[in-house]
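The structure under discussion appears below in the form of structure tokens.
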There are 2 protein chains.
Amino acid sequence: MKKIGIVGGVGWPSTIEYYKSICTLSQSYWEKQGHSRPLPTPEIVIESLNMNFTVNNRGSAELGSWNKWDQYFKTALEKLEANGAELLLIASATPHTRLAQISSSVTVPVISIYEAIGKHCQFLGVRNLLVLGTLPTMSSSAFIDGVSKYDLNVFYPSSENSHDRVVGIIDELYHNITDGSLESIDAIVRENLTSANQDNFAVCLGCTELPIAFGTLSVQSDFHVGGITYLNSTVIHSQHVFEACLV
Amino acid sequence: MKKIGIVGGVGWPSTIEYYKSICTLSQSYWEKQGHSRPLPTPEIVIESLNMNFTVNNRGSAELGSWNKWDQYFKTALEKLEANGAELLLIASATPHTRLAQISSSVTVPVISIYEAIGKHCQFLGVRNLLVLGTLPTMSSSAFIDGVSKYDLNVFYPSSENSHDRVVGIIDELYHNITDGSLESIDAIVRENLTSANQDNFAVCLGCTELPIAFGTLSVQSDFHVGGITYLNSTVIHSQHVFEACLV
């Protein structure tokens, strides 16, 4: 198996989800191959960053305002490569909005979360994808550009009010408040369903906190609640990375 | 805060416990200091090894039989230092039995689990310490040597039968079978309590699985069950590392 490099810490609970998911996938894979115990896991190197620094150094539309932020992620990716990682991932959806800027100096592949979700949608036959995530995710074209080759209509909640509600749900889930979160997600989804986008429709839970609202279902790559298909971006991204580490 | 380097993967659930514990300690610390959110965490680099390789390359009493194993851990520590880690730890009790052999080439401190436990025993006034752990831990003098300056009487379960029972409990807990584990631990402890060692007595849960038997108590560094004081080596080690990373 190839050595995997993970940029983590943004935030750390999400890093745990990715690491656990990759190790578990590896153990299941080798168990099915009849491998002896202890079941192998790939070698993994993790650079866990300080989220206080990343959040306080987010830029704006102004030219050069993202320099510090970009440099912090760029250095982390370079360190992982220098440490022998043969494929890289960022264990968080949000920094993917600046993937082009931060990954230009590394020579090993960075497995993009967009690419993983695009492929999974193709596999499921999804054509219309509502993405719920953090504000940077829902206000950038990066996701749409990242899945452009998959003939997928990606859209975000339409009103500023629903953006705020998604961010509010994420914040509550981060602080382990789950009461009513599933109902709130369901309401936002239904408000954004139209006759034009309801065919082959799915919702992408595009940040690590959102799947927590779905309890035990959250370990699956996709699941159905109230007639809606939900995609867990963390699990889909981890599966994609594990498959890449096997070849 | 200093950058922390962690040798992980042996096993990976234990790496998660350490990482989570250090990040949580950091967030509580900075919250008490009135720091703004998101609360800072130290930068952490983790080299997660493949436990299948480490277990299959364990040596014997034969000279040179540990060479491959030693080299694997030695290289991991060196990589962490090269990556800017200013203090190092191994997120598992068992490899500490060969700490001298694997840490000779790094120049930054490796924070030993034995040192952390020794200090914590001094703080609690513990003088007699029964250590439960994996077979390498319970059959090596490394633990005893590692706490020698703390005037602590360290001992292991006395019979081979009780060693086997401890190893059996660890294996069940690793596979998430918790039924009866607390009672089994209690029975082993009582069989090893004598009039000579019962004063200022505590039990060290010297491997990551054992605290699982104690449910929610397992997040604490020490706790009391049935009149016995138990020490959680993972939490104690993490606290010690976090304190070292602050200075």
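The values are calculated or read from the model by the stated rules, or taken from the named source; none is laboratory data. Because the structure is a prediction, the values reported are computed rather than measured. All Cβ positions, even for glycine, are placed from backbone atoms using ideal geometry, and neighbour counts span all protein chains on display. Keep in mind that these areas ignore ligands, DNA and RNA; they rest on the heavy atoms of the full protein, side chains included. Shrake-Rupley method; radii C 1.70, N 1.55, O 1.52, S 1.80 Å.
Spatial offset of the range B:123-183 relative to the range A:28-69 amounts to 34 Å, using the alpha carbon center of each. Of A:S162, B:S103, A:S148, the residue with the largest accessible area leads and the full order is A:S148, B:S103, A:S162 (1.4 Å probe).
Mind listing, in residue-number order, the residues in the range A:30-72 that have at least 50 Å² less accessible area with every protein chain present than in their own chain alone (1.4 Å probe)? Buried on complex formation: A:P38, A:T41, A:E43, A:I46, A:S48, A:N50, A:N52. Mean silhouette area of the range A:139-247, derived from the convex hull of its C-alpha atoms and averaged over all directions, reads 7.9 nm². Under 10 °C and 1.306 mPa s, how fast does the range B:49-131 diffuse according to Stokes-Einstein, given a Kirkwood radius computed over C-alpha pairs? Answer in µm²/s, whole number. Using the Kirkwood radius from Cα pairs, D works out to 111 µm²/s. Across the range A:91-173, the volume of the C-alpha convex hull divided among the residues equals 106 Å³ per residue.
Comment: the Cα-to-Cβ extended label point of B:Q122, at 7 Å, lies 6.1 nm from its counterparts in the other copies, nearest first.
Taking a straight Cα-Cα cut-off under 17 Å and skipping sequence neighbours fewer than 8 places away in the same chain, the aspartates and glutamates within cross-link reach of A:K32 are A:E243. With Cα atoms as the point set, the range A:1-48 shows a radius of gyration and Dmax of 11.9, 36 Å. Projecting 7 Å from Cα along the Cα-to-Cβ direction, the label point of A:D145 sits 5.8 nm from its equivalents in the other copies, listed shortest first. Please tell me which of these pairs span more than 24 angstrom C-alpha to C-alpha: B:K2/B:K119; B:K68/B:K119; A:K74/A:K149; A:K3/A:K74; A:K3/A:K79? Long pairs (Cα-Cα over 24 Å): B:K68/B:K119; A:K74/A:K149.
Computed over chain B, the percent of Cα pairs more than 34 Å apart is 15. Taking the Cα atoms of the range B:196-244, the ratio Rg/Rh between the radius of gyration and the Kirkwood radius comes to 1.00. Between A:E17, A:E31, A:E172, where does the largest GNM mean-square fluctuation fall for chain A, given springs only between Cα atoms within less than 10 Å? Looking only at A:E17, A:E31, A:E172, the largest GNM fluctuation is found for A:E31. Of the two radii for the range B:16-160, the radius of gyration is 1.00 times the Kirkwood radius, both from the alpha carbons; that is the Rg over Rh value. Solvent-accessible area of B:K68, all protein chains in place: 130 Å² (probe radius 1.4 Å, heavy atoms, ligands and nucleic acids excluded). Label-to-label distance, A:N197 versus B:T178, with points set 7 angstrom from Cα along the beta-carbon direction: 4.2 nm. Given in Å, the Rg to one decimal and the Dmax to the nearest whole number for the Cα atoms of the protein assembly as shown are 24.0, 80.
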